1. Within the set of pairs 6 or more residues apart or between chains, which connect a residue that is surrounded by 17 or more Cβ atoms within 10 Å (Cβ to Cβ) inside region 95-121 to a residue that is of a type in the set (Lys, Arg) and assigned to a loop (DSSP other than H, G, I, E, B) with Cβ atoms less than 8 Å apart?
2. Any idea which residue in region 309-326 is surrounded by the fewest Cβ atoms within 10 Å (Cβ to Cβ), counting only those that are in contact (Cβ under 8 Å) with a residue 24 or more places away in the chain and in contact with a strand residue (DSSP E or B) (Cβ under 8 Å, 6 or more places away or on another chain)?
3. Residue check, Ser13 against (1) polar (S, T, N, Q); (2) part of a helix (DSSP H, G or I); (3) modelled with pLDDT of 95 or more, all met but one. Which one?
4. Looking at region 327-346, which of its residues are touching a strand residue (DSSP E or B) at 6+ places or on another chain (Cβ under 6 Å), part of a helix (DSSP H, G or I) and under 20 Å from Lys80 (Cβ atoms)?
5. Kindly indicate whether Arg514 is surrounded by fewer than 19 Cβ atoms within 10 Å (Cβ to Cβ) and modelled with pLDDT of 95 or more.
6. Looking for something part of a helix (DSSP H, G or I), in contact with a Cys (Cβ under 9 Å, 6 or more places away or on another chain) and surrounded by fewer than 20 Cβ atoms within 10 Å (Cβ to Cβ) - is there at least one such residue anywhere in region 347-366?
7. Working carefully through the options Cys272, Cys305, Cys292, Cys279, find the one that is under 20 Å from Lys82 (Cα atoms) and either in contact with a Leu (Cβ under 8 Å, 6 or more places away or on another chain) or assigned to a loop (DSSP other than H, G, I, E, B) (or both).
8. For region 547-579, enumerate the residues that are of a type in the set (Val, Ile, Thr) and either surrounded by fewer than 16 Cβ atoms within 10 Å (Cβ to Cβ) or free of Cβ contacts under 8 Å to residues at least 12 places away in the same chain (or both).
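The values are calculated or read from the model by the stated rules, or taken from the named source; none is laboratory data. What you see is a predicted model; the values in this text were computed from it and never measured. Note: ideal-geometry Cβ built from the backbone for every residue, glycine included; neighbour counts use all protein chains shown.
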Amino acid sequence: MEMGDISYQQICSARTVQSDQKGFFNEFFLEVKEGCTDKWLKHYFSQLKSNEARILSIFSDREVCDTVLGVLENVAPVFKGKDAVFSVQRRAQADKFNLLGDFKQALSHANLAVMRAPAKDVDPAVDNGLSLAMAYRSRAAILINMGNGQAAMSDLKLAATYGLELKENADYYIKLAKAYALMGETARSEISLKIAEKLSGNNIALRDAFGKELSLIKPSEKLETAVAPALASGENANLRGASNLVKLAETKDRGRFMVAGDNLKTGDVVLCENPVAACLAPNFYGSHCHHCFERLITPVPCVNCSGIAFCSAQCMGEACDSYHRFECHFMDLFIGSGMSILCYLALRVFTQASSVEKAVHDANSMYEHLCAHIESRHPEDYLQRSLMAGFLLRCLQKAQYFGRRKSEGVNPTAVELQVGAALLGLLQVLQYNAHEVFETRITEEHHFEGSKVVYVGAAIYSTGAYFNHECWPSVARYFVGKKLVLTTIKPHQPNEVIAENYGPIFTKTNLKERQRALRGRYLFDCKCMACQENWPTIQKLDKQVRFRCTTANCINVLKFPKDLSKDVRCARCRKNISLKASVAKMIQIEELYRKAAEDMHKQNVPEAIAQFKEGIEMFFEIAVLPHKDTIVAQHSLIKCLADGGTTFK
């Protein structure tokens, strides 16, 4: 590898630990690196054979331990807390804009009021300790005016959960009646109105007034949500989230990778997998659910911090009962460190686990079974990752992940040393095996014109990690929330590789640039067909068709004939071949592509998918890639399939 490529590889690797050069972790790493001798780093530390030895070394070797311990001793909670006074101020603004009919502005203020309100009785000097309950009540009123009964109902229930007095509270039951009416639940709406009437002293005028108002309410339309597709031929018993039509293969040069176990048709769903762990990127904390990655409309906060939000009480409960109870008070510290999303992901494997033992087992299993390129790492890389593992371990210590410790000292116990070593292993495998999770952002005018992919987080998938790269993929990748979906965009024969694309793609990038990027980021030389045959980029690709020889078992490829009336001589099977039928079928294929593109433009997505699938299936019966119109058709099919995943206007 050339020196320039080695430097590029080191830069790529470093960015998978520290994504922000302004964070304090970079200063920590440089201080340790500059404080140790080259002799120690290259002739001692680099010779250590286990992750446990590396972690033990940074805590105990005199060459670095004073600096390491000095920095890690200062690790302390840093997070965005609650502010009852601020919440009251936002709530007043929300109520004002609600009365003025500016519901969008009102909701914005109400969301801030909810996010910053402390839990019940935390600040009894403000709202008698009921700031959160009152913020939810105010937001419910706004949501009712906006016609969102489901969200209003959720807020009303949360208001009651956090202490809102319900006895003699006719207003609460009137709001409840309106929310039920918006949800189309007439019977429950009427019951709620009767309770309100009773609590108001059997006020018939109230009943008549609100009864008339309720009768005019039209149920709001339910929002459509993306639904994960069914796997082709059911789930594989040996591969989590994978189809029965795929299997795992292994070779010395390529490691483990996914292949077709049977014939696959275009459009077969070969993977639909929940992540082992997933983390939302910090720049989306204000717009997405921290737990399920759904877009936020009415955020539900953690009761202890204001730095993250959830889409529902259910997501909040699931997160706070598992990983967030350990991460909560350190969220701003993590952001300030500048650590990459992969570091959050490594930490999450531990914080979400039911026990320390299970977390260590899961982490070590990933390190054992997934590619980590341990033989290609430089001493500085191991040092940087060891220090990050040490920092994450210290955060776990301070978060009482290990229970109450006998000492507040930094030096790890035997169990903590195992955790530090496992974290270091994860920081190596996640570099090459994690997926970026994305949503498709579409415009108000059109689902495809002007759409773009937005990366919102990262995740590790136990089966998804086994799909190898090719510079033109054979599957479409998209996400339903955090769930990874892979769907074929071409037919596959048994034992044929099912390939993803890791980023460098032949349609946009030439061979030299792709190979450099893949060597730097993933440490391999790609030998896919697009690389072996050096396919031109899409702008330079002509519309020439390369037909399959029609002789049984002949694998030769024939060029488009100059004269259709004459046979073509196959150099492999030495037979004269007529391509009339193949050319006639190609005309049908082009027509299917044209109709599919037309349906796609009209946003008739199911029809477009069906015609793209039919045309692509026919193409691979008679011809091979690269073929410009088929490449365009496959790319269009990818966009159509992704429209069934998580999208946002």
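1. Partner pairs satisfying both residue conditions: Arg116/Lys82; Ala117/Lys82; Pro118/Lys82; Ala119/Lys82.
2. Ala313
3. Tallying (1) polar (S, T, N, Q); (2) part of a helix (DSSP H, G or I); (3) modelled with pLDDT of 95 or more, Ser13 fails exactly one: (3).
4. Across region 327-346, the qualifying residues are Ile341, Tyr344.
5. When the stated conditions are applied, Arg514 does not pass them.
6. Looking for residues that are part of a helix (DSSP H, G or I), in contact with a Cys (Cβ under 9 Å, 6 or more places away or on another chain) and surrounded by fewer than 20 Cβ atoms within 10 Å (Cβ to Cβ), one finds none in region 347-366, hence no.
7. Working: Cys272 fails: under 20 Å from Lys82 (Cα atoms); Cys292 fails: under 20 Å from Lys82 (Cα atoms); Cys279 fails: under 20 Å from Lys82 (Cα atoms).
The conditions single out Cys305.
8. Thr551, Ile555, Val557, Val568
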